[in-house]
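Here's the structure we're looking at; comments come further down.
Where a number appears in this text, it was derived from the coordinates with a stated rule and is not lab data. Computed from a predicted structure; not experimentally measured. Heads up, the Cβs are rebuilt from the backbone with ideal geometry, glycines too, and the neighbour counts pull from every protein chain shown.
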Amino acid sequence: MPSCRSNKTFAERLLNWWDQHGRHDLPWQQSRSAYRIWVAEIMLQQTQVATVLHYYQLFLQRFPDLQTLACCDVDAVMSAWSGLGYYRRAVNLQRTAQLCLQQHAGKLPDTAEQLLQLPGIGRSTANAIISQSQDAVLPILDGNLKRVLARHAGIPGWPGDKQVEQALWQAAIERLPAQRGADYSQACMDLGASLCSRHKPACNDCPVATDCRACAEQIQTQLPGRKPRQPKTVRQMQLLVHRQADQVLLEKRPATGIWASMWCLPEGLQQPETGAVLMQFSHELSHVSLRIKAVQMPYTAPHMVREGQLQWYAREEALRLGLPKPVRDILQQLPVHH
DNA sequence: AACACGGGGCT
DNA sequence: AGCCCAGTGTT
């Protein structure tokens, strides 16, 4: 509980600041359409506003409503998502649209509890959608809030730790206003994205600095606590480049593991394949460093192409599929075939 | 609790 | 080069 030297609450001071200095012109703030807010919230998971803006407009033009999204080919959704990363979000987005058609009369459900049952929507996103679409007072806890609250409440430790996360949710709940839920959620995120930044927080201009624990102790940049460093394992991966005129051979990956269910260059066996090494580079995942070797294969026997698993794609067509980054890079640098 | 996802921004 | 982010789902 913040000590109240000021006679105004945390939320009152934050809302006053936001009215004067906050962002009010973002595309997803212009309506209370649950569909448009939902799409924005999913895109904004682990992706910054500047990146989302462009994709968001194009996505809504292509999929203007829930039914359009539910009924299109999943490859069309992946194509619209291409370059945003975290492609599971796109698959879950369409799956949720289809579930809404089947189970919720073609609309997104209007309670956080029901939203939480849908794929790709967790506690924070469920509350954010209801908060924005119904102006409800609900706590959210994204990366910005974790930073703001860890500092204001003086909560040590890494937010990925369950106990720390629990303390942060509690701090979020304690600071909620009685009204203006939608504005308050936006204000919290705006504060974290601007004044209360990771480095160089602008505490002199901050509306809640007077009772901020981190500011009082001058430990702003030490909160929130860092993730414990863990050594990455190294894994070799051979990606095979089979060509046939202007086409390349792609493989649909299994539903689990790295790049689940995505189209990819076929993965080679551990022993060296016979063929020229086209490219060699490293791709970093959270716990693995992939050492990727792209190998040009001299010949593809027709019987090797099993229906459903492997498929020939024109290179330009393949590049529109929404491929893993390393695969996109390999295809883009492929020499033109003669 | 650990892992998978991923491009981009920042120091 | 390392760290972080408008997180969630799977194992």
task = Please report, to one decimal in angstroms, the Kirkwood hydrodynamic radius of chain A built from all distinct Cα-Cα pairs.
result = 22.7 Å
query = Given that compact globular proteins tend to follow 2.2 N^0.38 Å, what is the ratio of the alpha-carbon Rg of region A:233-332 to that value?
reply = 1.02
ask   = How high is the relative contact order of region A:10-222, given as a whole-number percent (alpha carbon pairs under 8 Å, six or more residues apart)?
value = 22 percent
Within chain A, longest stretch clear of exposed chymotrypsin sites (Phe, Trp or Tyr not before Pro) (DSSP loop, no more than 15 other Cβ within 10 Å) = A:87-298
request  = Kindly write out, for region A:218-226 in residue order, the coupling ³J(HN,Hα) from the Karplus curve 6.51 cos²θ - 1.76 cosθ + 1.60 (θ = phi - 60°), rounded to whole Hz, with x marking Gly and Pro.
outcome  = 6, 10, 3, 7, 8, 10, x, x, 7
inquiry  = For chain A, set up a GNM with springs between Cα atoms under 10 Å and report which of A:Leu195, A:Leu285, A:Leu66 has the largest fluctuation.
reply    = A:Leu285
key: Within chain A, longest stretch free of exposed trypsin sites (Lys or Arg not before Pro) [DSSP loop, at most 15 other beta carbons within 10 Å]   = A:108-197
request  = Just tell me which lysines come within less than 20 Å, Cα to Cα, of A:Lys325; anything on the same chain fewer than 8 places away is out.
outcome  = A:Lys232, A:Lys252, A:Lys293
query = What percent do you get for the relative contact order of region A:233-332 when only Cα pairs under 8 Å and 6+ apart count?
reply = 36 percent
